[in-house]
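Trainee: Shown below is the structure under consideration.
The values are calculated or read from the model by the stated rules, or taken from the named source; none is laboratory data. In this text, all values refer to a predicted model and were calculated from it rather than measured experimentally. We place every Cβ from the backbone using ideal geometry, glycine too, and count neighbours over all the protein chains shown. Quick note on the areas: whole protein, heavy atoms, side chains included, nothing else; ligands and nucleic acids left out. Shrake-Rupley method; radii C 1.70, N 1.55, O 1.52, S 1.80 Å.
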Amino acid sequence: MSESTPTVLEVSVEASRAFPHDLWSTKAGEFAYQARVALDNLHDLLARSFAEREYDSSRIQFPITATGKDWKSWKQGHRFHPQWLVERLKNVQPQYGPYRALEGLQWFNNKDKHEWVRDLELGMIGMVASSNFSLRGLIEEHHLSPTLIPQSNTIPRGVRRVIVGSFDVGHPILDFPEEATNEVQVELRFDVGSDSYTLEEIREIPVRIGYIVDYLACDDLFALARYQKRPSYIQDAPADYPSSGTTEVSGGETLATGDFQRRKE
C-alpha cells in the first residue's frame, strides 16, 4: 500500500539480493571482443591467401556495415580483394536480410574499448501478482473500478526492489491480511546503442559467425541461408515496456497481469 496515498495499492518486486550487473557486463564485453576478433582473424586469413595486390595489414578489418554508404567506404579501402570475396562479404552485411545483430556487435565492441562497465538491464517480461486486502466502508463489488498506473519493469544496477505498477482502487485500503505473492519472469537486456539485445540474441551471434566462416571459406550456400534466416526471437515478441495490463477485482482480491513486447527488427 502507498504510504502517501491510502487508495493506491503498489505492486512491487523484491529480490533476495542485488543481481551481479557488473559481472554480467564484463562477461558480455569479453564475448564481444572475442566475437569481433574471430571475424577479423578470418578476414586477415582470407586477405593473406587471396589478395591480388599489396596491402597494409594494420589498416584492414572484417566489414560490418549498416548502410550502402558504409559498404562503399569499406570497399574503397579494400581494393586488393578478388571480386568473388567482395561479393561473399557483401552478402553477410547487416543491411541485407532480416539478421542484423552484427550491427549491435560492432557498436558493443567499439564501446567496450573505452568503457569497462557497459549498460545492461534486468527486465521483467511477465508477472502475475495476487493479494487480499480490506477496504474501508461498505462497498458494492460493481462499484470497484481500479485504475492501473504502470511504472518500471526493469531492475537497475545495485537495486533489489522496484515498484512495477500501482492500482488506485478509489477507496481507502485498511490492511493486508496476508503477504502478496508474485511470479516473475525476467530477461537480461544488453545496451547496443539505440537498441538492446536479450541474452538469447547475444547467444545467437557466435552461431551466426560460424555460418559466416563456412560460407566465406567454402562458398557453402546452405551456410549463407542459415546465416540470413530470420531469427525466431524476432517472431516471438517479448520486451522493453508494458504494452498491456488487465485487472480483475472480486471480493477484495486483485489479480494483475502484464505483457511486454520487445522491438521487432
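Trainee: Which three semi-axes in whole Å describe the equivalent ellipsoid of the range 1-101, each the square root of 5 times a Cα gyration tensor eigenvalue, listed largest first?
Mentor: Listed largest to smallest, the semi-axes of the range 1-101 are 48, 18, 10 Å.
Trainee: What accessible area per residue comes out for the range 45-95, rounded to a whole number of Å², with a 1.4 Å probe?
Mentor: Value returned for the range 45-95: 61 Å² of accessible area per residue.
Trainee: Whose amide H sits under 5 Å from the amide H of Ser12, counting only residues 5 or more places off or on another chain, with H placed in the peptide plane?
Mentor: Residues meeting the amide H criterion: Val164.
Trainee: Moving on. Residue-wise, which Karplus ³J(HN,Hα) couplings in Hz belong to the range 96-106, taking 6.51 cos²θ - 1.76 cosθ + 1.60, θ = phi - 60°, and x for glycine or proline?
Mentor: Whole-Hz 3J(HN,Hα) from phi for the range 96-106: 10, x, x, 8, 10, 5, 5, 4, x, 4, 4.
Trainee: May I ask you to evaluate 6.51 cos²θ - 1.76 cosθ + 1.60, the Karplus curve with θ = phi - 60°, for each residue of the range 50-59 and list the ³J(HN,Hα) values in order in whole Hz, giving x for glycine and proline?
Mentor: Whole-Hz 3J(HN,Hα) from phi for the range 50-59: 10, 4, 9, 7, 5, 8, 8, 5, 7, 10.
Trainee: Further question: In the range 19-79, what trypsin sites (Lys or Arg not before Pro) fall in a loop by DSSP, with at most 14 other Cβ atoms inside 10 Å?
Mentor: Arg53, Arg79
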